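Below is one structure; the comments refer to it alone.
The values are calculated or read from the model by the stated rules, or taken from the named source; none is laboratory data. Please read these numbers as outputs of a predicted model, since none were measured by experiment. In this analysis, Cβ positions are derived from the backbone assuming ideal geometry, glycine residues included, and neighbour counts consider all displayed protein chains.
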Amino acid sequence: MLNSKPLHCSQTESSQGEAFSSPLFPVTILANTPQANGYVLLCLAIPPEIPLLENNYLLFIKLDNILPVMRVNPAQQTLDVLCSANAALYQIGTQYVATLLHKPFIVFQSPITLLIAENNYIASLVFLVNRLRVQQQAQTMVCFLTAEAAFPFKPRPSQIFLPAMPDGVIAAMPLLDDWGVVSRLAHEDDLVGCYAGHIVALIRHYLTTQAPENISIQAIVSPTRARAIHALIDEYPIQAIHTTVIDSV
C-alpha cells in the first residue's frame with residue numbers, strides 16, 4: 001500500500017475558508033485512462049451523499065495516497081483524478097475507502113493572478129482554472145508549470161502571446177491554450193520550448209518585466225518550492241501569495 005502524504009496550506013493573507021475532510025466513504029474505480037508520459041486519469045464513482053462542489057476549495061481524494069482532483073462530474077457523481085506513481089495499482093472495479101480533502105484557494109482581486117503547479121498537481125491547477133472560468137473572474141490568469149520528470153501532457157507551441165518571455169519559451173499546456181488561458185513551462189532538462197531552469201527563476205523573470213504590484217500568486221507545490229516562492233514577496237511588491245503545499249509529489 002502507498003504511504004499517505006501530508007498536505008497543508010499557507011498564505012500571506014487569510015483564506016476565505018478552513019481546510020476540512022469528509023467522512024470516510026466507499027469509492028469504485030470506473031476507468032483508468034492512460035495519459036501522456038505514464039500518467040493515468042482515474043474516474044471514481046462517489047456516493048450521492050458526498051457533495052462534490054464547494055466554493056473556493058481545491059479537492060484531493062485520499063485513497064492509499066493523496067490524489068489531486070482535476071474534474072468533478074456532479075450529474076454522474078464522479079471525480080476525475082490524475083495519478084502518476086503506482087498507477088497500475090488502481091484497477092477498474094477496485095473499491096477503496098476514501099476521504100475527500102477540501103483545501104481553500106483565494107479569489108484574488110489583483111489584475112493578474114499567477115498560478116503555479118508542479119507534477120501531477122497540475123491537475124489541481126486545471127481544476128482551479130476551470131472554477132475561476134465558471135465564476136467568470138475578470139482577472140487575467142497566467143499559468144507556469146513544471147515537472148521533475150515528464151509533464152502529464154504533450155507540450156505544444158502556445159497560440160497565446162505572453163510579453164517579455166525569454167527567447168524560445170513558447171511551450172504550453174494544450175488544454176489551457178484551448179481555454180484561452182496562457183501557460184508556459186519550465187523544466188531543468190532544457191526541453192524544447194520550455195524555460196531551461198527552475199520555475200522560480202521563470203517567475204522572477206516575469207515579475208521583473210511586469211508590474212508586480214498588479215500580480216498575486218497562487219501555487220500548488222512542494223515545500224521547497226513554496227519557500228522559494230514565498231521569498232519573492234521580499235524582493236517584489238506582489239499583492240499576495242497563497243500556497244497549497246504538497247509534502248511529496
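When the residues of segment 126-167 are narrowed to those that are polar (S, T, N, Q) and surrounded by fewer than 23 Cβ atoms within 10 Å (Cβ to Cβ), which ends up farthest from the chain's Cα centre (by Cα)? Quick ask: steps written out before the conclusion?
Within segment 126-167, the subset polar (S, T, N, Q) is 130, 135-137, 139-140, 146, 158-159.
Next cut, surrounded by fewer than 23 Cβ atoms within 10 Å (Cβ to Cβ) only: 130, 135-137, 139-140, 158-159.
Numbers: ASN130: 11, GLN135: 18, GLN136: 19, GLN137: 18, GLN139: 18, THR140: 17, SER158: 19, GLN159: 21 Å.
Applying the filter and picking the extreme gives GLN159.
Just one residue in the set THR113, THR99 is among the hydroxyl-bearing types (Ser, Thr, Tyr) and buried (at least 19 other Cβ atoms within 10 Å of the Cβ); that residue is THR113. Can you find even one residue in segment 116-127 that is in a loop (DSSP other than H, G, I, E, B) and within 30 Å of SER21 (Cβ to Cβ)? Looking for residues that are in a loop (DSSP other than H, G, I, E, B) and within 30 Å of SER21 (Cβ to Cβ), one finds none in segment 116-127, hence no. Within the option set ALA123, ALA171, being within 30 Å of LEU63 (Cβ to Cβ), of a type in the set (A, V, I, L, M, F, W, C), surrounded by 16 or more Cβ atoms within 10 Å (Cβ to Cβ) and touching a strand residue (DSSP E or B) at 6+ places or on another chain (Cβ under 8 Å) holds for one residue only, ALA123. Each residue in segment 129-177 was checked for being closer than 22 Å to PRO104 by Cβ and basic (Lys, Arg), and 2 pass.
Here are some residues: PRO68, PRO23. Which one is touching a residue at least 12 places away in the same chain (Cβ under 8 Å) and farther than 24 Å from VAL221 by Cα? Lay out the reasoning, then the answer.
Details: PRO68 fails: farther than 24 Å from VAL221 by Cα.
That would be PRO23, the only listed residue that is touching a residue at least 12 places away in the same chain (Cβ under 8 Å) and farther than 24 Å from VAL221 by Cα.
Given the condition closer than 20 Å to ASN120 by Cα and either at pLDDT 90 or above or in a strand (DSSP E or B) (or both), answer yes or no: does some residue in segment 45-54 qualify? The answer is no, given that none of the residues of segment 45-54 is closer than 20 Å to ASN120 by Cα and either at pLDDT 90 or above or in a strand (DSSP E or B) (or both). Checked against (1) outside any strand (DSSP E or B); (2) crowded, with 21+ Cβ neighbours inside 10 Å, MET70 passes all but condition (1). Remark: pairs (first residue in segment 158-184, more than 18 Å from ARG71 (Cβ to Cβ); second residue among the aromatic types (Phe, Trp, Tyr); Cβ separation under 6 Å; 6+ apart in sequence or on different chains) = VAL169/TYR195; ARG184/PHE144. Candidates ILE233, ILE246, ILE203: the one that is farther than 22 Å from SER158 by Cα and modelled with pLDDT of 90 or more is ILE233. Residues that are touching a residue at least 40 places away in the same chain (Cβ under 8 Å), within 12 Å of ILE220 (Cα to Cα), part of a strand (DSSP E or B) and aromatic (Phe, Trp, Tyr): does segment 130-150 have at least one? Within segment 130-150 (the criterion being touching a residue at least 40 places away in the same chain (Cβ under 8 Å), within 12 Å of ILE220 (Cα to Cα), part of a strand (DSSP E or B) and aromatic (Phe, Trp, Tyr)), the answer is yes, since at least one residue qualifies.
Only residues that are surrounded by 21 or more Cβ atoms within 10 Å (Cβ to Cβ) and under 12 Å from GLN109 (Cα atoms) were counted in segment 210-227, giving 3.
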